[in-house]
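Right, I'll just put the structure down here and ask away after.
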Amino acid sequence: MQTPLKVDFESLQPSTPLTEEIRKELVRLERLIPRVIGCHVVVREPHRHQQSGRQFEIHVRVTVPGGEFVVSHNPPKSGYDDPYRAVRNAFNRVRRQYREFVRKRRFVRRAVNGETS
């Protein structure tokens with residue numbers, strides 16, 4: 001990665017273990033996308049609800065040559081009380097976006113070249 005990972009915590013105290021979990025997920029992501037230029041992650045705890053407890057939002061922006069993948073992972077109505085699970089789910093969504101991007105690019109390339117399969 002060309003620029004260092006940037007992790008921001010909003011509405012909660014910075015967490016070294018959570019930052020390390022984000023680094024692990026980024027390493028996994030770089031195995032799939034080897035040319036990552038940069039990654040910015042925002043961890044937010046928007047509200048504390050009495051009935052549903054703590055909820056976490058994760059926003060991930062991964063920059064690659066020629067574009068970027070952006071995921072805003074908001075908690076479902078029941079909420080994510082585990083920030084580690086929210087981070088894993090957000091990075092899973094980035095991986096899905098990348099795979100869909102590659103699939104569409106291959107489809108367009110085949111169409112342009114007149115290939116049929």
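The values are calculated or read from the model by the stated rules, or taken from the named source; none is laboratory data. Because the structure is predicted, anything quoted here is derived from the model rather than measured. Cβ coordinates were reconstructed from backbone atoms using ideal geometry, including for glycine residues, and neighbour counts include every protein chain displayed.
For segment 8-22, enumerate the residues that are surrounded by 14 or more Cβ atoms within 10 Å (Cβ to Cβ) and outside any loop (DSSP other than H, G, I, E, B).
9, 18, 19, 21, 22
Ok, one more. Would it be correct to say that residue 18 is modelled with pLDDT of 90 or more, touching a helix residue (DSSP H, G or I) at 6+ places or on another chain (Cβ under 6 Å) and not basic (Lys, Arg)?
Considered against the rule, which asks whether it is modelled with pLDDT of 90 or more, touching a helix residue (DSSP H, G or I) at 6+ places or on another chain (Cβ under 6 Å) and not basic (Lys, Arg), residue 18 comes out as yes.
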